[in-house]
1. Counting helices only, and only those DSSP H runs with n ≥ 4, report the 222 nm mean residue ellipticity of the chain as the sum of -39,500 (n - 2.57) divided by its residues, in deg cm²/dmol to the nearest 500.
2. Just list whichever of K72/K149; K66/K103; K72/K164; K58/K108; K108/K132; K103/K156 have alpha carbons separated by over 26 Å in the model shown.
3. May I ask for the distance between the Cα centers of region 121-181 and region 63-117, given as a whole number of Å?
4. By how many nm would the segment from D133 to N167 lengthen if fully extended, with 0.36 nm per residue of separation less the alpha-carbon distance?
5. Can you list, bin by bin at 5 Å, the percent of alpha carbon pairs in region 30-112, starting at 0?
6. Would you work out what percent of the accessible area of the chain, with all protein chains in place, is carbon or sulfur (probe 1.4 Å)?
7. Restricting to Cα pairs below 8 Å that are 6+ residues apart, what does the relative contact order work out to for the chain? Please round to a whole percent.
8. According to the Kirkwood expression over distinct Cα-Cα pairs, how big is the hydrodynamic radius of region 121-181, in Å?
Amino acid sequence: MSDHNNHKEEQHGKKPGTKREMSRRQFLSYTLGGAGGFMGAGIIIPMIRFAVDPVLQKKSASDWVKVVEESKITNVPQAFTFQVHQVDGWYESDAELVAWISKDSGGKLFALNPTCKHLGCTVNWNDNPAYKDQYFCPCHGAHYTQDGKNLAVAPKPLDEYTTKVENGFVYVGQLHANTRV
């Protein structure tokens, strides 16, 4: 028994912090786990990069698009269609858009987007006899003034395009919140 007690005392007498050796099983677990993680990262990182890359691309300012001759613009809003080149992630397309272009009482030219701010339907000018000289949305009855100010149903005014006149033609640019109301 004294040998047994001496052995216990020797174990208890060891200094704390002595180095423990790694077993073969632990070594293989760490080595295979590290190698597997490295290989997995090599596969997953390009996939993540592929998915996130369009978000990381710099947004370019929209180009000006020639829409109509300035002489055709009146005080009554008219719908004009134009095409823009769009890049959505990896998908490129030429979309056909519409702008309601007119002049205000001061003769200043402006263009409105016909997308209703309620649920995204298309509004038309002077389309409903009950709402004379207003933009009207046939989906849910939203209507707007000639400047695009919301009168009923819709929570916000119609969006406005940036416009410029150059060499007798009207150009539209980027879409932004309405500054006229």
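1. -8500 deg cm²/dmol
2. In this structure, K58/K108 exceed 26 Å between Cα atoms.
3. What the calculation gives is 11 Å, centre to centre.
4. 9.2 nm
5. All Cα pairs considered, the percentages come to 3, 11, 14, 12, 10, 9, 8, 7, 6, 5, 4, 4, 3, 3, 2, 1.
6. 54 percent
7. Relative contact order here is 16 percent.
8. 12.6 Å
The values are calculated or read from the model by the stated rules, or taken from the named source; none is laboratory data. All figures in this text were calculated on a predicted structure; none of them were measured in a lab. Areas reflect the complete protein model, heavy atoms only, side chains present, ligands, DNA and RNA absent. Shrake-Rupley method; radii C 1.70, N 1.55, O 1.52, S 1.80 Å.
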